[in-house]
Amino acid sequence: MSPIPFASSARSTLGIEWELALVDKDSGDLRQVAQTILDAVSPDGSQHPNIRQELLLNTVEIVTDVCDTVESAGRDLSRSIELLQTLTDPLRVELMCAGTHPFARWTHQKVTDKQRYATLIDRTQWWGRQMLIYGIHVHVGVEDRSKVLPIANALLTYQGHVQSLSASSPFWGGSDTAYASNRALMFQQLPTAGLPFDFRDWSELEKYVDDMTKVGVIDEFNEVRWDIRPSPHYGTIETRIADGASNLTEVLALAALTQCLVEHFSTMLDQGKELPRLQPWFVQENKWRSARYGMDAILILDEHGNEDLITDDLGRLLTELEPVAARLGCEKELSDVRVILRKGASYQRQRAVARRSGGDLGAVVNHLVNELRAGKPL
């Protein structure tokens, strides 16, 4: 069995990846200008450290350096946005983010000219071509490999909470899907995406990777795209649950919640405490409920099947995590989760804009663009 080494990483350090759509300032539709922008930020053709290529030519991804605090990660993201806007403004292109674009057609999008993307599309075909979706990935450093799978499994007990808070993809191809996060259910159609398996031991993960490599499903571990996964190369746990957020405030609130949960569970392990777990069928049901109902979801809280409205459980969770946030220096960012509770998640705000504008989804795009420029929910 091939070993999977886990890199050394400082405890609870942080990295954030944020996928951004490029939209036409006049029409609100997607623009295929990612390569123009990437060439401008890195004229020698090398990979820019903080602005990266993605699957589609309507998308760029901004990434932070390894950060000690959520606040410093926010500064990294702000600098990247400012740089991008110096390039996109002259092109009459706006930056926008949501789990999906409200009305763009997947059939009109172009795939980046890279072999790994061509291979993905060749294998996944119709579903792969429909991956017109945007997300946020949060990496949190774990200092001991033996902690990784227990923490990852414990995080699944809050998968639905993060998905509901971030839900921002109610529209698809010009229609309201009636889901809060259409992205969540679309993305899991890819063969290695969706919820992770319930591994108890690192050797089980290594056996999985060996098996999937042997039968040609993957060539390397990073082709596994679970909602929560170890990231051995960086020495982190990576959460890929969240829909794309339309503004920096929400990105950092979701990052703070994730960082605090990982640190909380790591501390529980240090104290010899048992971490929470949910049966895989309960985790799967919570994912569907949060994708469908968002902030109105009633989620399964424990292995006994006790349930509660997500907003009530989030209130208790935020109070429990306040001392953790104080230790990590992210009290403000964690408290901004309450801003989402007060103003509504993005899918709720988008639907409100659509109602006020008589169903005009162009107005929804303008709203999302304005939120990104403002850096907060509007």
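Overview of results
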quantity	calculated
Residue check, Ser80 of a type in the set (Ser, Thr, Tyr), open to solvent by 70 Å² or more (accessible area, probe 1.4 Å) and either in a loop (DSSP other than H, G, I, E, B) or touching a residue at least 24 places away in the same chain (Cβ under 8 Å) (or both)	no
Residues being closer than 14 Å to Ala255 by Cα and among the hydroxyl-bearing types (Ser, Thr, Tyr) - total across the stretch 50-83	3
Residues of the stretch 337-378 satisfying the condition of being open to solvent by 20 Å² or more (accessible area, probe 1.4 Å), part of a loop (DSSP other than H, G, I, E, B) and not small (Gly, Ala, Ser)	Asp360, Lys376, Leu378
2 or more residues in contact with a strand residue (DSSP E or B) (Cβ under 6 Å, 6 or more places away or on another chain): qualifying helices (runs of 4 or more DSSP H) within the stretch 182-284	182-187, 248-270
Filtered residue count, the stretch 118-149, keeping only those that are part of a helix (DSSP H, G or I) and within 22 Å of Ile16 (Cα to Cα)	4
Sole exception among (1) surrounded by fewer than 18 Cβ atoms within 10 Å (Cβ to Cβ); (2) assigned to a helix (DSSP H, G or I) for Gly45, by number	(2)
Residue, surrounded by the fewest Cβ atoms within 10 Å (Cβ to Cβ), within the stretch 164-181, restricted to residues that are among the aliphatic types (A, V, I, L, M) and assigned to a loop (DSSP other than H, G, I, E, B)	Ala178
Only one of Glu220, Glu206 that is among the charged types (D, E, K, R) and open to solvent by less than 60 Å² (accessible area, probe 1.4 Å)	Glu206
Pairs, first farther than 15 Å from Gln163 by Cα in the stretch 299-322, second surrounded by 13 or more Cβ atoms within 10 Å (Cβ to Cβ) and basic (Lys, Arg), C-beta under 7 Å, six or more apart	Glu303/Arg277; Leu318/Arg338
Hits in the stretch 232-248 (condition: farther than 19 Å from Ala180 by Cβ and either touching a helix residue (DSSP H, G or I) at 6+ places or on another chain (Cβ under 8 Å) or not hydroxyl-bearing (Ser, Thr, Tyr) (or both))	Pro232, His233, Gly235, Ile237, Glu238, Leu248
Verdict on His304 being modelled with pLDDT of 95 or more and out of contact with any helix residue (DSSP H, G or I) (no Cβ under 9 Å at 6 or more places or on another chain)	yes
Filter pass, Thr107 being among the hydroxyl-bearing types (Ser, Thr, Tyr), open to solvent by less than 50 Å² (accessible area, probe 1.4 Å) and either within 23 Å of Glu223 (Cα to Cα) or in a helix (DSSP H, G or I) (or both)	no
Only one of Ala98, Ala73 that is open to solvent by less than 50 Å² (accessible area, probe 1.4 Å), among the aliphatic types (A, V, I, L, M), in a loop (DSSP other than H, G, I, E, B) and closer than 25 Å to Asp227 by Cα	Ala98
Considering residues of the stretch 182-203 that are aromatic (Phe, Trp, Tyr) and open to solvent by less than 50 Å² (accessible area, probe 1.4 Å) only, the residue farthest from Ser168 (Cα to Cα)	Trp202
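Rundown of residues vs (1) of a type outside the set (Asp, Glu); (2) modelled with pLDDT under 95, yes/no style:
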| position | (1), (2) |
| --- | --- |
| Asn182 | yes, no |
| Thr192 | yes, yes |
| Val251 | yes, no |
| Glu263 | no, no |
| Lys273 | yes, no |
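The values are calculated or read from the model by the stated rules, or taken from the named source; none is laboratory data. The shown structure was predicted, so the numbers you read here are calculated from the model rather than taken from an experiment. As a convention, Cβ positions derive from the backbone with ideal geometry for all residues, glycine included, and neighbour counts pool all protein chains shown. Accessible surface areas use protein heavy atoms only, side chains included; no ligands, DNA or RNA. Shrake-Rupley method; radii C 1.70, N 1.55, O 1.52, S 1.80 Å.
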